[in-house]
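The values are calculated or read from the model by the stated rules, or taken from the named source; none is laboratory data. Not measured: the values here are computed from a predicted model. Cβ coordinates were reconstructed from backbone atoms using ideal geometry, including for glycine residues, and neighbour counts include every protein chain displayed. Protein only, heavy atoms only, side chains kept; ligands, DNA and RNA dropped before computing areas. Shrake-Rupley method; radii C 1.70, N 1.55, O 1.52, S 1.80 Å.
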Amino acid sequence: MNDSSAHAADSADEGPDAAIGQLELVEYPHPALRRVSRPVVRIDDELRDAVRQMFEIMYAEQGVGLAANQVALPYRLFIVNTEGRPDAGEELVFINPQLSRPRGTALQEEGCLSLPGVRMDVRRPERVRVKAYSLAGEVIDADLDGFLARVVQHEFDHIEGRLFTDRLSEASAMEAERALDGFREIFAGMQARGELPNDRQIVARLDALERVRCQA
Ligand code: CO
């Protein structure tokens with residue numbers, strides 16, 4: 001979605017802020033979660049700080065992976081630490097990732113920090129190859145399996161604007177739909193009370209952030 005109305009002048013201020021600033025986890029149905037993230041062409045100090053904040057948020061929420069659009073950044077990157085703790089495991093950053101060579105199939109329960117409390121079985125390829133860049137600009141090229149393959153595919157879905165609830169069997173999808181309705185009601189209520197920006201303001205901010213670090 002790229003509505004030209006997003007560029008309409010905001011009445012009081014000078015338009016959306018393109019500074020990253022303090023990040024916060026966003027929950028469904030925040031519009032960033034349905035946006036296809038654009039490749040990053042500029043890695044600067046602000047983005048490195050954003051990645052540091054993402055790890056802090058992920059650990060605080062006891063997650064093992066977090067995509068940039070889960071903190072309302074429209075960038076094609078995600079982070080993973082399969083141990084979910086700062087003192088264990090390895091902190092991985094995947095920038096502009098590409099997945100290929102899916103093999104096998106596995107069913108495993110997943111949850112998502114943007115859908116707190118929802119846990120359901122999701123079928124995915126068991127193994128996959130990932131190519132990406134690290135935060136230092138080094139090439140990552142690895143064949144993944146097991147839990148890491150699972151987490152990377154979940155996070156990759158995020159930057160494509162997909163959620164694990166898009167991948168459920170028909171019966172679980174109906175069950176998930178009830179939970180999603182609840183999230184939609186809460187989100188709409190917060191927007192109506194002015195506790196969250198409205199969708200037009202959110203999209204304008206995402207567009208502004210994209211202009212700073214993505215391909216034109
Ligand atoms: Co998730």
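Charge tally for F187 (other residues, Cβ to Cβ under 15 Å; Lys, Arg +1; Asp, Glu -1): -2. Taking the Cβ of V212 as the centre, find all other residues whose Cβ is under 13 Å away and add up their charges (Lys, Arg: +1; Asp, Glu: -1). Neighbourhood net charge equals -1. Calculated accessible area for the chain comes out at 52 Å² per residue, all protein chains present (probe 1.4 Å; ligands, DNA, RNA ignored).
Hey, got the dipole for region 37-174? About the Cα centre, +1 on K and R Cβ, -1 on D and E Cβ, debye to the nearest 20?
500
Surface calculation, 1.4 Å probe, protein heavy atoms: D181 sits at approximately 80 Å² accessible.
Seen from D45, the other residues with C-beta closer than 14 Å to its C-beta sum to a net charge of +1, counting Lys and Arg as +1 and Asp and Glu as -1. Rolling a 1.4 Å probe over the protein heavy atoms leaves R76 with an accessible area of roughly 30 Å².
Helix-only estimate, please: 222 nm mean residue ellipticity of the chain, summing -39500 (n - 2.57) across DSSP H runs of length 4 or more and dividing by its residues, to the nearest 500. Taken over the chain, the calculation gives -10500 deg cm²/dmol. In the chain, Rg over Rh equals 0.96, where Rg is the alpha-carbon radius of gyration and Rh the Kirkwood radius from pairwise Cα distances. With R₀ set to 22 Å, the beta-carbon distance separating L180 from T105 gives a calculated FRET efficiency near 0.30. Residues whose amide H lies under 5 Å from that of L113, counting only those 5 or more places away or on a different chain, are absent; hydrogens are built 1.01 Å from N in the peptide plane.
Projecting the Cα atoms of V36, F78, F183 onto the charge dipole of the chain, computed from C-beta unit charges around the Cα centre, puts V36 farthest toward the positive end.
Residues whose amide H falls under 5 Å from that of G65, counting only those 5 or more places apart or on a different chain, are N81, with hydrogens built in the peptide plane. Among A136, A176, A106, the residue with the largest mean-square fluctuation in a Gaussian network model of the chain, with springs joining Cα atoms closer than 10 Å, is A136.
Residues E175, E160, E155 ordered from highest to lowest accessible area at a 1.4 Å probe: E175, E160, E155.
Close amide H pairs (under 5 Å, H built 1.01 Å from N) link V40 with R76, N96, residues at least 5 positions away or on another chain.
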